[in-house]
1. Exactly one condition in (1) surrounded by fewer than 19 Cβ atoms within 10 Å (Cβ to Cβ); (2) touching a residue at least 60 places away in the same chain (Cβ under 8 Å); (3) closer than 30 Å to L158 by Cα; (4) of a type in the set (F, W, Y) is not met by Y225; state its number.
2. From the list I127, I144, pick out the single residue that is crowded, with 16+ Cβ neighbours inside 10 Å and either at pLDDT 90 or above or assigned to a helix (DSSP H, G or I) (or both).
3. Consider I41 carefully, then state whether it is at pLDDT 85 or above and either surrounded by 12 or more Cβ atoms within 10 Å (Cβ to Cβ) or touching a Cys at 6+ places or on another chain (Cβ under 8 Å) (or both).
4. Give me the pairs: first residue in the stretch 9-37 and touching a residue at least 40 places away in the same chain (Cβ under 8 Å), second residue surrounded by 13 or more Cβ atoms within 10 Å (Cβ to Cβ) and of a type in the set (S, T, N, Q), beta-carbon distance under 8 Å, and six or more apart or on different chains, which are they?
5. Just need a number here: residues in the stretch 42-63 that are over 17 Å from L22 (Cβ atoms) and hydrophobic (A, V, I, L, M, F, W, C).
6. I'm trying to understand the selection: among the residues of the stretch 91-111, which are in a loop (DSSP other than H, G, I, E, B) and in contact with a Lys or Arg (Cβ under 8 Å, 6 or more places away or on another chain)?
7. Can you work out which of the residues in the stretch 49-65 that are at pLDDT 90 or above and surrounded by fewer than 14 Cβ atoms within 10 Å (Cβ to Cβ) is farthest from F164 (Cα to Cα)?
Amino acid sequence: MNIKTQKTRLPVIIVLGSPFLLILIDLWFDRGSFTGYLGNIPALPVYAALALVAYLSLLFLNPVLEPQKEEQVKQSRPFRFNDIFSVFWVITFFILYCIVLDLLYKLPSNLNTAMPEALILYPVLAIAVEIIFHIIPVALLLFIRKLILSPNREKKPLSWISFFLWALPALIIEPLYQINLPFQNNYHWTLTAFTLFFSFLFNLTGLRLLYTKGPVPMILFRLFYYIGWHMLWNLLR
């Protein structure tokens, strides 16, 4: 996704800018939706800093990933309506995976934030998490690549394997975070193993979307997962 052109920059700006509206709504109604994560730190300046760094990171990532996307467009088939269902089933798999773990292990009742705060928290969290765990780390890692490689090699299109290897540290950040959550210590070690497998696969899918489609599909992928697992399933628990 070429974010240097107005047509493709707009979706990125809308996605990165939407949390500001949700945070202002939270402030207006004084719901304190973010206190569980930020304590007394105000969410607005925190997210503003994240959004700024994310946009600058995407400006750097654009010329690194765009040549490969242009080559993929030339070789790819036209978009089909069934492609939507392919993504839907992938998201459904991840949601059902977590539901099965919840039913098997009886995860804590307060694991997910309840309504109506969830309507504010999880859309913002989906974007912030992608910024923290993927966009910024991948930009830093590929910046290191730029410094190491010669100019001629650095300008060549980045293959998926090369991208995967350079972005591997970013791939394991969230899995390590997930398995070190305090509640994991209260359960059998198999829950940690299942969580590690899930988180690794989920993050791999996200990075694949970043590489092939750009930041917006990657963020929306996590957002729809959050809606299914954190919000809708929490209503049924």
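1. Among (1) surrounded by fewer than 19 Cβ atoms within 10 Å (Cβ to Cβ); (2) touching a residue at least 60 places away in the same chain (Cβ under 8 Å); (3) closer than 30 Å to L158 by Cα; (4) of a type in the set (F, W, Y), the lone unmet condition for Y225 is (1).
2. Working: I144 fails: crowded, with 16+ Cβ neighbours inside 10 Å.
None of the other options fit; the residue is I127.
3. Numbers: at pLDDT 85 or above: yes; either surrounded by 12 or more Cβ atoms within 10 Å (Cβ to Cβ) or touching a Cys at 6+ places or on another chain (Cβ under 8 Å) (or both): no.
Spelling it out, it is not the case that I41 is at pLDDT 85 or above and either surrounded by 12 or more Cβ atoms within 10 Å (Cβ to Cβ) or touching a Cys at 6+ places or on another chain (Cβ under 8 Å) (or both).
4. Within 8 Å, the pairs are D26/S33; S33/T113; G36/T113.
5. Count: 7.
6. Of the residues in the stretch 91-111, the ones in a loop (DSSP other than H, G, I, E, B) are 106-111.
S109, the sole residue that qualifies.
7. Looking at residues that are at pLDDT 90 or above and surrounded by fewer than 14 Cβ atoms within 10 Å (Cβ to Cβ), I get A49.
For (1) among the charged types (D, E, K, R); (2) more than 18 Å from V87 (Cα to Cα); (3) touching a helix residue (DSSP H, G or I) at 6+ places or on another chain (Cβ under 6 Å), each residue gets a yes or a no:
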position	(1), (2), (3)
Y187	no, yes, yes
T212	no, no, no
L220	no, no, no
G228	no, no, yes
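The values are calculated or read from the model by the stated rules, or taken from the named source; none is laboratory data. Computed from a predicted model, the values in this text were never measured in an experiment. Note that we place each Cβ from the backbone using ideal geometry, even for glycine, and neighbour counts take in every protein chain shown.
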